[in-house]
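Everything below concerns the one structure shown next.
The values are calculated or read from the model by the stated rules, or taken from the named source; none is laboratory data. Computed from a predicted model, the values in this text were never measured in an experiment. Cβ placement follows ideal geometry from the backbone for every residue including glycine, while neighbour counts extend to all protein chains displayed. Protein only, heavy atoms only, side chains kept; ligands, DNA and RNA dropped before computing areas. Shrake-Rupley method; radii C 1.70, N 1.55, O 1.52, S 1.80 Å.
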Amino acid sequence: MTIPEGLLTALRDSQRVCVLTGSGVSAESGVPTFREAQTGLWEQYDPHELATPEAFERDPALVWRWYRWRRDIVAGVEPNPGHHALVRLASLVPALTIVTQNVDGLHQRAGSSNVIEFHGNLFEDRCFVEGCLVDDADMSVEVPVCPGCGGMLRPGVVWFGESIPESATHEAASAVSGCDLFFSIGTSALVWPAAGLADAARQQGASVVEINLDATPLSSHTSFRLQGKSGEVLPELVDCLAVK
Ligand code: NAD
């Protein structure tokens, strides 16, 4: 792929870069996206019907089985060249913040430091009743309980229909409001409010860049669109940028 010269110039001139990532960035590590068909055991379930508070109240054991399956997948994979390229990109621009919709922690495992977890973290446990983080629960039971109040524990992710934590909303808004370049990478641009961050960036004058295998609702509103796998496009982009 040829990286547009205009994008390299924009990156060289940029003071603050904001990067929104979605599950496509982790796909090449072997973490399935929600829009890919669920495989094996989970083929018959729609993630949109498992990742909700209602599903958890209806059948917490089922939801925990699904999350344990996802935790096992993520625990067994490694960050891919796309994650690593973002670490390098951060060293080539004055400031870079990643806002990730991913809950897998792979950006941090790759070495990225400025990461806002917009949808929480798969490996955290929260009290379903009180909302507090719990780190010393007995996880050997089918549905773990809060040692403090005895309520059910849930995974520390943001489910469909739930609000984004206030701190993440605030930090992401601040990252977007000061950026001059905004990247949307490996996200379908369909899940709100994350999908609105690109619009907010564009409205305050940032150039928007999309890296995705497919077209999305954002594609026609971008300054640059690089179609391909993030694990291939990002290393190429960073290699071009590193050449003076
Ligand atoms: P999505 O599943 O809606 O869309 C994935 C997007 O990535 C698609 O547009 C697809 O074309 C693109 N894509 C797939 N492989 C790619 C690749 N190799 N390179 C570049 N693009 C690629 O994902 P979303 O937009 O992140 O939103 C779904 C929700 O699912 C989010 O809330 C997220 O928290 C959650 N989720 C997270 C993980 C994870 O943490 N890894 C995995 C599954 C779902």
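Per-structure values
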| read-out | value |
| --- | --- |
| Helix-derived mean residue ellipticity, 222 nm - over the chain, DSSP H n ≥ 4, -39500 (n - 2.57), to 500 | -10000 deg cm²/dmol |
| Relative compactness, the range 186-244, computed as alpha-carbon Rg over 2.2 N^0.38 Å | 1.19 |
| Cysteines without a disulfide-compatible partner [the chain; Cβ-Cβ under 4.7 Å] | C132, C149, C240 |
| Alpha carbon centroid spacing (whole Å) that separates the range 187-244 from the range 133-180 | 27 |
| Accessible area in square angstrom per residue, the range 81-237, 1.4 angstrom probe | 44 |
| Scattering curve values for the chain, log₁₀ I(q)/I(0), Debye with Cα scatterers, q = 0.15, 0.17, 0.18 Å⁻¹ | -1.03, -1.26, -1.38 |
| Point-to-point label distance, A173-D214, nm (Cα→Cβ direction, 7 Å offset) | 3.2 |
| Intensity falloff of the range 134-215 expressed as log10 I(q)/I(0), Debye formula with alpha-carbon point scatterers, at q = 0.21, 0.27 Å⁻¹ | -0.97, -1.33 |
| For the chain, built as a Gaussian network whose Cα springs stay under 10 Å, the top-fluctuating residue of S174, S230, S112 | S174 |
| Helix 81-92 vs. the chain, principal-axis angle (Cα, 0 to 90°, nearest 10) | 50 |
| Karplus (6.51, -1.76, 1.60) ³J(HN,Hα), θ = phi - 60°, over the range 139-147, in Hz, Gly and Pro reported as x | 8, 7, 8, 4, 10, x, 10, 6, x |
| The range 72-231 - charge dipole about Cα centre, Lys and Arg +1 at Cβ, Asp and Glu -1, debye rounded to 20 | 740 |
| Of P155, P53, P147, the one that fluctuates the most in a GNM where the chain has Cα springs shorter than 10 Å | P147 |
| Computed log₁₀ I(q)/I(0) - Debye formula, equal Cα scatterers, no solvent, the range 151-198, q 0.13, 0.20, 0.21, 0.29 Å⁻¹ | -0.39, -0.81, -0.87, -1.26 |
| Carbon/sulfur fraction of accessible area - the chain, other protein chains in place, 1.4 Å, % | 51 |
| Estimated vicinal HN-Hα couplings, Hz - the range 180-185 in sequence order (Karplus 6.51, -1.76, 1.60; Gly, Pro = x) | 9, 9, 10, 9, 10, 10 |
| Principal axis box of the range 1-103, alpha-carbon based, largest edge first, Å | 52, 25, 22 |
